[in-house]
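K.L.:
Starting off with a structure, shown below.
The values are calculated or read from the model by the stated rules, or taken from the named source; none is laboratory data. None of these values were measured; they are calculated from a predicted model. As a convention, Cβ positions derive from the backbone with ideal geometry for all residues, glycine included, and neighbour counts pool all protein chains shown.
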Amino acid sequence: MTQLLDIRKPDCTLCKLHQSAQVVCQLGFGSKTPEVMVVSKMANGKEWQADLEQELSDMGLDLRTAYFTQAVKCRTFDQDPSNGDIKTCKSYLDEEIAALKPKFILALGNEALLATAGRSGITKYRGRIFNHPSGAEVIPTVSPSAVKRNPGQRPGYLADLRLFVNRVRGVANGIPKPNYTVIDTREKLDSLKRALSITSRMDFDVETAGGDYFNDTGVIVSLSATCVIKTKDGPKRYVFALPLHHPESPWRRRWKAVLQYLAPELSKIKDTTAHNGPYDAKWMIKYGCDIRLKFDTLLGLHLLNENIQKGLKPACQARLGVEPWGIDTKDLLTKPLDQILQYNVLDTWYMYHLREQVEQELRAQPRLWKVFKYVMMDGVNELVRSEMRGIWLDVERLKERTPIMEQKLKDIEEAIMIRAGLSDGLGTTFRPDLVEPELAVEDWPIQKILKTRGPVYAEPNFNASKFARWMLFEHLELPVLERGKDKANGDPGDPSMAEGVMLALKANHPVVPLMLERVEYQKTLSSFFHPYAELYDEDHRIHTNFKMAGTVTGRLSSGKNDEDKISAVRGKLRGVNLQQVPRSPFVRGVFGTPPGWSFVESDYSQIELRIVAFLSRDPTMLHLYKTGADIHLATAASVLGIPPSQVTKDDRKKAKAVNFGFVYGMGWRKFIQTAFEKYQSVFTEEEARAVRTAFFDQFSGLQPWHQRQRRLVNKYGRVQSPIGRIRHLPDIYSPDEGVRAEAERQAINSPVQSFGSDLAVMSMVQINRKFRKKGIEGHCIGLVHDAVNYEIRDDHLAKALPIIKDTMEDMSLIKKKFGVHVDIPILADLKVGRYWGDAREIEPEEVYNWAA
DNA sequence: TGAAGTCGCGCG
DNA sequence: AAAGCGCGCGACTTCA
């Protein structure tokens, strides 16, 4: 220990922390000749120390070989170390490491990550392996205190600990390295073709560079697969790596032809696996290989636990205990080919073993396995085709409507400036510094007075910016009703410009309603029209990226590809979110169908409330749905105390928000807030309580159902949808009551939302199958949670419309596949037209008697 | 300059 | 005692 005492400097003043420290420069404790060093942030509390030791020792770590220390050596509760402090203090940790020479370092939390691996971003780097200059191996994970606050992080945390312990113990990697064939000659290509013709299962992965699957700017760099081949001696595994477009590839000029040469065999393989399969499938389909995915390991992992990281590498490291592998996949074309192929092969090789494990776990839960097959895998294969087809954009309409919106925005901004006294309306914009002469130049609230970065703007910025806040709350002296979160330095937050606040200020100054109106124009342009103009392809179609593992409930998410979120490659089209296109016909109406085709939108009518009725068995709701009554109308009448005949459309709309809110656990406070923000209705506390009580009196089965869900989640830590999709809610074990209550509300909402979305996906699958079988030219364009959108050839509408409606409303398949008898009517409303936004509602009679 | 975090708002 | 749920993304700010 003498070395350690030499390191310690109790009078250290290198950073600010010594000022408030109870102990300056506190070193660690434990083995004097440690194999393992555990580094946390600071020596405070460490109330998790005992738990951590227990977990590590349960996993097989010998604690006698461990030494525990921290990245920041000062011990203080009053100051938070900055990254600079951590880097300063790192010299002590480095000396500690040099003196003790651990072989493995477990870094707990971002501060320890920074001090041991020199990078920041624990959520990104956790569970990866880094090399410390001392030669030690560093594995970072989240801090135990973060896990304690948020038990949802626990599974990932334990997986990281397990990886660490396995590395320390040198637990043999149970998976041998693969022997693989590089297909680099004509003979090998021919023998690959023969092998593929007798392949019964193929777990594959493509590496790509640049561009996208729906245009010709991208290339496939290589294709690799682990195949199962039928031989007379039984099934054998065969692993290949096929270089395609790469400077060192023999096929670099003929890569598309090579793929087409193999396409007939590749297309015939029924049992295929990929990780995030739609990505690989789309590239393969684009180049002629008609892949249908049988198993997607990412989707399987998601179904087993919707809360964990689903990347191939973290999953394989945690589940298979394999060593990390991987290369930087940026600029693949400049990397050595053999490296790429080896990486590509390991992806498929480990994926093969991952599937074995995931499939076994899914099959062990028969209902979950059915959800996997009938919702996830059936659904994803259809969605791949929808994404590739894209949605048709009326470019002419977009080009007409964009300038209209731009002019409106310009006009309203000018009106705001005039009303705020910042412009004379004749082209002279007064500079704020002239309006407020005492304002120092460096305080000019003009957007971005940029000294070092970007262009210098002189125009005011009406979004929630310094300028807008200055204009409203300083220049016009409007009252500050709410503020954002306090700043890091303790200053109060910025005045809120949220919609609710602005609505409350509406009468205070004429610029407020103008500002509110402006938001819509701004949003339309920046989020919709402008991106659309960049995104359509040569067929005037826009592509989205649906994720089947994008939500915890099983809903799809829609948006751009993950790669594009980091940086959109030049000349590359990005995806667009098709689930948040504004409902106004002015915006939605830019999407439609090319001549000769019709846009058909079919919505489930009030699907979630019907499922609530089904699950809660509330007698009133069941009665209302069985007799075909309108539940929103009924609530409005009951809440307002008037007969249903006197309920206006607007009343009904308000009731909708009430229904959903109360059904999912909204309290009276939130009710007052929503009622005001959405509909400007003012309720007193007593009125709000009364409305809530009246609601639960009317639907007397709801609160008992809430109680059942609460009991379930408290007992099992998870809830299930009617067909067996599971939502894990580990937060129910949180010591924080608010966090627990949130988990209880989620336990109420999840089975409902989940079942609704699974119904929509299964309907889409069935509709597509029926269309194919009957030769109907109709293609699904996308799903919007409880609605399916189709593009259907005009002369096929008469046959197609009844299929859509009947399939969506028919619950017998649910009975047949899952044994669940949905005993309430499920209805679908259809709209038909040339455009999405302009589509006309179709009465049921017309669905069955379509006359063009 | 880039990443991360927050707010606000589009949809269901 | 009280507590709607589920997303993606643009714009802005802050941090390093």
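K.L.:
May I ask you to verify whether A:Lys773 is free of Cβ contacts under 8 Å to residues at least 60 places away in the same chain, over 27 Å from A:Ala549 (Cα atoms) and either surrounded by fewer than 19 Cβ atoms within 10 Å (Cβ to Cβ) or touching a Ser or Thr at 6+ places or on another chain (Cβ under 6 Å) (or both)?
P.N.:
Judged against the criteria, A:Lys773 is a match.
K.L.:
Suppose we filter segment A:509-523 for residues that are more than 10 Å from DNA strand B (Cβ to nearest atom), under 14 Å from A:Glu414 (Cβ atoms) and of a type in the set (A, V, I, L, M, F, W, C); how many remain?
P.N.:
Count: 2.
K.L.:
Right, here's the next one. Scan segment A:646-665 for residues that are without any contact (Cβ under 8 Å) to a residue 40 or more places away in the chain, within 16 Å of DNA strand B (Cβ to nearest atom) and buried (at least 16 other Cβ atoms within 10 Å of the Cβ) and jot them down.
P.N.:
Result: A:Arg652, A:Lys654, A:Ala655, A:Lys656, A:Ala657, A:Val658, A:Gly661.
K.L.:
Also, quick follow-up: Kindly establish whether A:Pro102 is over 27 Å from the mean Cα position of the chain (by Cα) and either among the charged types (D, E, K, R) or not in a helix (DSSP H, G or I) (or both).
P.N.:
yes
K.L.:
Might you let me know whether segment A:621-636 holds any residue that is over 16 Å from A:Thr693 (Cα atoms), within 16 Å of DNA strand C (Cβ to nearest atom) and among the charged types (D, E, K, R)?
P.N.:
Scanning segment A:621-636 turns up no residue that is over 16 Å from A:Thr693 (Cα atoms), within 16 Å of DNA strand C (Cβ to nearest atom) and among the charged types (D, E, K, R).
K.L.:
Still on this structure: Give A:Ser526, A:Ser558 a once-over and let me know the one that is assigned to a strand (DSSP E or B), within 13 Å of DNA strand B (Cβ to nearest atom) and modelled with pLDDT of 85 or more.
P.N.:
After ruling out the rest, the residue left standing is A:Ser558.
K.L.:
Pick from segment A:476-495 the residues that are closer than 25 Å to A:Lys523 by Cα and modelled with pLDDT of 75 or more: which of them is surrounded by the fewest Cβ atoms within 10 Å (Cβ to Cβ)?
P.N.:
Result: A:Leu481.
K.L.:
In segment A:597-619, is there at least one residue being modelled with pLDDT of 95 or more, away from DNA strand B (no atom under 16 Å from the Cβ), over 26 Å from the mean Cα position of the chain (by Cα) and farther than 30 Å from A:Leu702 by Cβ?
P.N.:
Scanning segment A:597-619 turns up at least one residue that is modelled with pLDDT of 95 or more, away from DNA strand B (no atom under 16 Å from the Cβ), over 26 Å from the mean Cα position of the chain (by Cα) and farther than 30 Å from A:Leu702 by Cβ.
K.L.:
So which of A:Tyr835, A:Tyr790 is among the hydroxyl-bearing types (Ser, Thr, Tyr), in contact with a strand residue (DSSP E or B) (Cβ under 7 Å, 6 or more places away or on another chain), touching a residue at least 24 places away in the same chain (Cβ under 8 Å) and surrounded by fewer than 20 Cβ atoms within 10 Å (Cβ to Cβ)?
P.N.:
Within the list A:Tyr835, A:Tyr790, the selection yields A:Tyr835.
K.L.:
Can you name the residue in segment A:718-747 that is assigned to a helix (DSSP H, G or I) and surrounded by fewer than 16 Cβ atoms within 10 Å (Cβ to Cβ) and, of all such residues, is farthest from DNA strand C (Cβ to nearest atom)?
P.N.:
Once the filter is applied, the top-ranked residue is A:Tyr733.
K.L.:
Check segment A:541-550 and report whether any residue there is modelled with pLDDT under 95 and within 12 Å of DNA strand B (Cβ to nearest atom).
P.N.:
Yes, the conditions are met somewhere in segment A:541-550.
K.L.:
Another question, if that's okay. Quick check: anything in segment A:366-373 touching a residue at least 60 places away in the same chain (Cβ under 8 Å) and under 13 Å from A:Thr226 (Cα atoms)?
P.N.:
Looking through segment A:366-373, none of the residues is touching a residue at least 60 places away in the same chain (Cβ under 8 Å) and under 13 Å from A:Thr226 (Cα atoms).
K.L.:
If you go through segment A:359-370 one residue at a time, how many are in a helix (DSSP H, G or I), touching a strand residue (DSSP E or B) at 6+ places or on another chain (Cβ under 9 Å) and closer than 15 Å to A:Lys817 by Cα?
P.N.:
Result for segment A:359-370: 2.
K.L.:
I've got another one for you. Quick one: which residue in A:Ile122, A:Ile105, A:Ile129, A:Ile86 is among the β-branched types (Val, Ile, Thr) and either under 30 Å from A:Val258 (Cα atoms) or at pLDDT 90 or above (or both)?
P.N.:
Step by step, each of A:Ile122, A:Ile105, A:Ile129, A:Ile86 is checked, and only A:Ile105 is among the β-branched types (Val, Ile, Thr) and either under 30 Å from A:Val258 (Cα atoms) or at pLDDT 90 or above (or both).
K.L.:
Turning to a different aspect of this structure: Looking for whichever is over 26 Å from A:Gly135 (Cβ atoms) and of a type in the set (A, V, I, L, M) here; the options are A:Ala71, A:Ala21. Which one fits?
P.N.:
A:Ala21
K.L.:
Something else now. If you check A:Asn768 against the conditions, is it away from DNA strand C (no atom under 11 Å from the Cβ) and assigned to a strand (DSSP E or B)?
P.N.:
no
K.L.:
For segment A:371-399, enumerate the residues that are of a type outside the set (Val, Ile, Thr), more than 23 Å from the chain's Cα centre (by Cα) and part of a helix (DSSP H, G or I).
P.N.:
A:Glu396, A:Arg397, A:Leu398, A:Lys399
K.L.:
Enumerate the pairs (first residue in segment A:262-273 and touching a residue at least 12 places away in the same chain (Cβ under 8 Å); second residue anywhere and surrounded by fewer than 17 Cβ atoms within 10 Å (Cβ to Cβ) and not in a strand (DSSP E or B)) with beta-carbon separation below 7 Å, excluding pairs fewer than 6 apart on the same chain, so at least 6 apart or on different chains.
P.N.:
Close Cβ pairs satisfying both conditions: A:Leu262/A:Lys193; A:Ala263/A:Gly288; A:Glu265/A:Lys193; A:Glu265/A:Ser197; A:Ser267/A:Asp290.
K.L.:
To continue, here is another question. Cβ contacts < 8 Å: first residue acidic (Asp, Glu), restricted to segment A:505-527; second residue more than 10 Å from DNA strand B (Cβ to nearest atom), any location; separation 6+ or different chain. Result?
P.N.:
Every condition considered, the pairs that remain are A:Glu517/A:Ile412.
K.L.:
Could you give me the residue pairs with C-beta distances under 6 Å whose first residue belongs to segment A:101-116 and is closer than 12 Å to A:Phe164 by Cα, whose second residue is part of a helix (DSSP H, G or I) and among the β-branched types (Val, Ile, Thr) wherever it lies, and which are 6+ apart or on separate chains?
P.N.:
A:Phe104/A:Val168; A:Ile105/A:Thr116; A:Ala107/A:Thr116
K.L.:
A further question follows. Collect the residues in segment A:591-633 that are in contact with a strand residue (DSSP E or B) (Cβ under 6 Å, 6 or more places away or on another chain) and farther than 21 Å from A:Glu843 by Cβ, keeping them in residue-number order.
P.N.:
Listed by number, the residues that qualify are A:Phe591, A:Gly592, A:Thr593, A:Pro594, A:Trp597.
K.L.:
Look at segment A:55-75 and say how many of its residues are surrounded by fewer than 17 Cβ atoms within 10 Å (Cβ to Cβ), out of contact with any Lys or Arg (no Cβ under 8 Å at 6 or more places or on another chain) and modelled with pLDDT under 90.
P.N.:
The number of residues fulfilling the criteria is 1.
K.L.:
Now, a different point. List the residue pairs whose Cβ atoms are under 7 Å apart, where the first residue sits in segment A:460-474 and is crowded, with 20+ Cβ neighbours inside 10 Å, the second is aromatic (Phe, Trp, Tyr) and in a helix (DSSP H, G or I), and the two are 6 or more positions apart or on different chains.
P.N.:
A:Pro460/A:Phe467
K.L.:
In segment A:127-141, which residues are under 23 Å from A:Gly84 (Cβ atoms) and either surrounded by 17 or more Cβ atoms within 10 Å (Cβ to Cβ) or in contact with a Lys or Arg (Cβ under 8 Å, 6 or more places away or on another chain) (or both)?
P.N.:
A:Phe130, A:His132, A:Ser134, A:Val138, A:Pro140, listed by residue number.
K.L.:
Right, another one. Looking at segment A:35-91 only, could you name the residues that are of a type in the set (Phe, Trp, Tyr) and either closer than 24 Å to A:His18 by Cβ or in contact with a Gly (Cβ under 6 Å, 6 or more places away or on another chain) (or both)?
P.N.:
A:Tyr67, A:Phe68, A:Phe77
K.L.:
Then there's this: Have a look at A:Leu312, A:Leu303 and point out the one that is crowded, with 16+ Cβ neighbours inside 10 Å and in contact (Cβ under 8 Å) with a residue 60 or more places away in the chain.
P.N.:
A:Leu303
K.L.:
Collect the residues in segment A:206-257 that are without any contact (Cβ under 8 Å) to a residue 12 or more places away in the chain and within 33 Å of the chain's Cα centre (by Cα), keeping them in residue-number order.
P.N.:
If the condition is that a residue be without any contact (Cβ under 8 Å) to a residue 12 or more places away in the chain and within 33 Å of the chain's Cα centre (by Cα), then A:Asp216 is the only one that fits.
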